[in-house]
Amino acid sequence: MSHRIYFNKGQQLNRRTVLKGAGVTLSLPWLSAMQRAFATPAENTPPKRFVAMTLGLGLLGENLNPKESGKDYKTSLYLKQVQDLRDKFTVVSGSSHPDVSGGHRAEASILSAQPMGSGGQAKNTVSLDQFMAKHLGHHTRFPSLVLASRGTNSPSYTENGSMIPAQDSPSKLFSQLFIDDSPAEQQRQAHRLQEGRSIMDLVRDDSKRLAKKLGKGDQNRLDEYLTSVRDLENRMAASEEWAMRPKPKVDYNKPVDIKNPNDFVGYQRLMTDMVRLALQTDSTRFITYHLGGSGGVVPLEGVKEGYHALSHHGRDEEKLEQLALVEEAIIGAWGDFMRELNSIDENGHSLLDQTSVFMTSNLGNGSNHDNRNMPVLLAGGGFKHGQHLAFDQKNNYPLPNMYVSLLQNLGIETDQWKTATGTMTGLEMG
């Protein structure tokens, strides 16, 4: 497919025209695919990290959210099994992304918060995880990881609004992270990266020649493109260095992928094991894991109907009871992942204190595809937790405010993120 760039003089330029003089064709790639791994040398202070876990079918708010606000809330049904972690997480109710609707289509906006509308016609923009990776991902072999339970759909998007396909095989991810390529393959990777850099040189020179034919406004647009090219060159140069370095070794056998496509919670546990290992080895600091939604029967005692059908419960009591069993298991697996991250290392640090772990869904009510009142859990990251931030269920608080807080927590100086009005009220650093 050809891509077109529109300049303000009414002139329409095919992107291939920009590159034709160099004899190559180039589309800006998704930068997280620049596979780099294994951490940089130890830093003076523990690095900040971010993990987003996104659910395609929501969580029942009545079972997740406490009735009381503040720190003295009574534990809800779902939170009983993570009571021991109470001071490590915050639950948020009454929040959503302003001007985002469209039911399942709003999956695209989970991490971008880009208003898309029910028709899904608006163009998406960069997601939170990829924005973080762009600014801070150069410290590790992998600037980010984008994962899923099943399939390649993800809520991770590049700056030009392209979805980043997810990796859904824990065994392949393990190989990617921890099994060294052969020396011949390392050389091939380095050679491919070197070829890519030479193409960047050709594109840059050809684009500069084109700029001489354009007006000032058009030149500004083209300069933005060249900036992206230069940024990509820098990342490719770093990737070339990583291609020749050995990968970290872990005390963990290569996993076998779960064959039952309906074992939603089993898959969650296996994939979050890989997430933990990636964080422990500092192979990456930014991970998105999209849990999607299985259509079949989750193999849990008492569950007889498909997960997707249960999420469209229509207030049927039997379906609600079965759905609660599935969602309790999801929160239970999330809690075990938190406990693993909360273990203290030899330096007196815990990964959980260094890592903001964010769980949410585009659906506040899966039964009627309502995108308001999104389920929100935020753990770790050095924030003051142990609270329920309860906002207005009818006039929702802007969840993008939390995204500003997360960015500032990483040291990225900004007070803006799409429809945000500032940082999140009540969410403070410890």
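Tell me which residues, restricted to the range 410-425, are touching a residue at least 40 places away in the same chain (Cβ under 8 Å), more than 20 Å from residue 285 (Cβ to Cβ) and not aliphatic (A, V, I, L, M).
Hits for the range 410-425 are 418, 419.
Tell me, which residue of the range 119-164 that is closer than 18 Å to residue 278 by Cα and open to solvent by 40 Å² or more (accessible area, probe 1.4 Å) is modelled with the highest pLDDT?
The residue in question is 136.
Quick check on residue 167: is it open to solvent by less than 30 Å² (accessible area, probe 1.4 Å) and within 21 Å of residue 285 (Cβ to Cβ)? Give the steps one after another, and end with the answer.
On the way: open to solvent by less than 30 Å² (accessible area, probe 1.4 Å): no; within 21 Å of residue 285 (Cβ to Cβ): yes.
Considered against the rule, which asks whether it is open to solvent by less than 30 Å² (accessible area, probe 1.4 Å) and within 21 Å of residue 285 (Cβ to Cβ), residue 167 comes out as no.
If we keep just the residues of the range 327-350 that are of a type in the set (A, V, I, L, M, F, W, C) and at pLDDT 95 or above, which is nearest to residue 79 (Cα to Cα)?
Here is the first cut: in the range 327-350, the residues of a type in the set (A, V, I, L, M, F, W, C) are 329-331, 333-334, 337-338, 341, 344.
Okay, now just the ones that are also at pLDDT 95 or above, so 329-331, 333-334, 337-338, 341.
Numbers: 329: 11, 330: 11, 331: 8, 333: 12, 334: 11, 337: 14, 338: 13, 341: 18 Å.
Step by step, filter the range 327-350, then rank; the result is 331.
Output the residue which, of all residues in the range 297-339 that are part of a loop (DSSP other than H, G, I, E, B) and under 28 Å from residue 278 (Cβ atoms), is least open to solvent (accessible area, probe 1.4 Å). Before you say what the answer is, go through the steps one by one.
Quick first cut of the range 297-339, residues part of a loop (DSSP other than H, G, I, E, B) only: 297-306, 312-316.
Then drop every residue that is not under 28 Å from residue 278 (Cβ atoms), which leaves 298-300.
Numbers: 298: 2, 299: 74, 300: 52 Å².
Top of the filtered list is 298.
On the basis of being open to solvent by 20 Å² or more (accessible area, probe 1.4 Å) and either modelled with pLDDT under 65 or assigned to a loop (DSSP other than H, G, I, E, B) (or both), does residue 256 make the cut?
Details: open to solvent by 20 Å² or more (accessible area, probe 1.4 Å): yes; either modelled with pLDDT under 65 or assigned to a loop (DSSP other than H, G, I, E, B) (or both): yes.
So residue 256 passes the test.
Are any residues in the range 383-401 open to solvent by less than 20 Å² (accessible area, probe 1.4 Å) and among the small types (Gly, Ala, Ser), and if so, which ones?
386
(1) in contact (Cβ under 8 Å) with a residue 24 or more places away in the chain; (2) among the hydrophobic types (A, V, I, L, M, F, W, C); (3) crowded, with 21+ Cβ neighbours inside 10 Å; (4) in contact with a helix residue (DSSP H, G or I) (Cβ under 6 Å, 6 or more places away or on another chain): which one isn't true of residue 116, the others all being true?
The failed condition is (1).
Restricting attention to the range 66-102, and to residues there that are among the hydroxyl-bearing types (Ser, Thr, Tyr) and over 19 Å from residue 395 (Cβ atoms), which single residue is surrounded by the most Cβ atoms within 10 Å (Cβ to Cβ)?
To start, the set of residues in the range 66-102 that are among the hydroxyl-bearing types (Ser, Thr, Tyr) comprises 69, 73, 75-76, 78, 90, 93, 95-96, 101.
Next, only the ones that are over 19 Å from residue 395 (Cβ atoms) stay: 73, 75-76, 78, 90.
Values: 73: 18, 75: 13, 76: 19, 78: 26, 90: 22.
Applying the filter and picking the extreme gives 78.
Any idea which of (1) buried (at least 19 other Cβ atoms within 10 Å of the Cβ); (2) at positive phi is the one residue 285 doesn't satisfy?
(2) is the only condition that residue 285 fails.
Out of contact with any Phe, Trp or Tyr (no Cβ under 6 Å at 6 or more places or on another chain) and surrounded by fewer than 21 Cβ atoms within 10 Å (Cβ to Cβ): does that describe residue 425? First the steps, then the outcome.
Details: out of contact with any Phe, Trp or Tyr (no Cβ under 6 Å at 6 or more places or on another chain): yes; surrounded by fewer than 21 Cβ atoms within 10 Å (Cβ to Cβ): yes.
Spelling it out, residue 425 is indeed out of contact with any Phe, Trp or Tyr (no Cβ under 6 Å at 6 or more places or on another chain) and surrounded by fewer than 21 Cβ atoms within 10 Å (Cβ to Cβ).
Return the residue satisfying two criteria in turn: it lies in the range 340-364 and is open to solvent by less than 40 Å² (accessible area, probe 1.4 Å) and part of a helix (DSSP H, G or I), and of such residues it is nearest to residue 377 (Cα to Cα).
352
Hey, any hits in the range 60-69 for a residue that's in a loop (DSSP other than H, G, I, E, B), over 25 Å from residue 294 (Cα atoms) and free of Cβ contacts under 8 Å to residues at least 24 places away in the same chain? If you could, list the steps in order and put the result at the bottom.
Of the residues in the range 60-69, the ones in a loop (DSSP other than H, G, I, E, B) are 60, 65-69.
Okay, now just the ones that are also over 25 Å from residue 294 (Cα atoms), so 66-69.
Applying the additional criterion that residues be free of Cβ contacts under 8 Å to residues at least 24 places away in the same chain yields 67.
Yes, because at least one residue in the range 60-69 is in a loop (DSSP other than H, G, I, E, B), over 25 Å from residue 294 (Cα atoms) and free of Cβ contacts under 8 Å to residues at least 24 places away in the same chain.
The values are calculated or read from the model by the stated rules, or taken from the named source; none is laboratory data. Treat the numbers as computed from the prediction; the structure is a model and nothing was measured. Cβ: placed from backbone, ideal geometry, glycine included. Neighbour counts: every protein chain shown. Remember, those area values only see protein heavy atoms, side chains included, never the ligands or the DNA or RNA. Shrake-Rupley method; radii C 1.70, N 1.55, O 1.52, S 1.80 Å.
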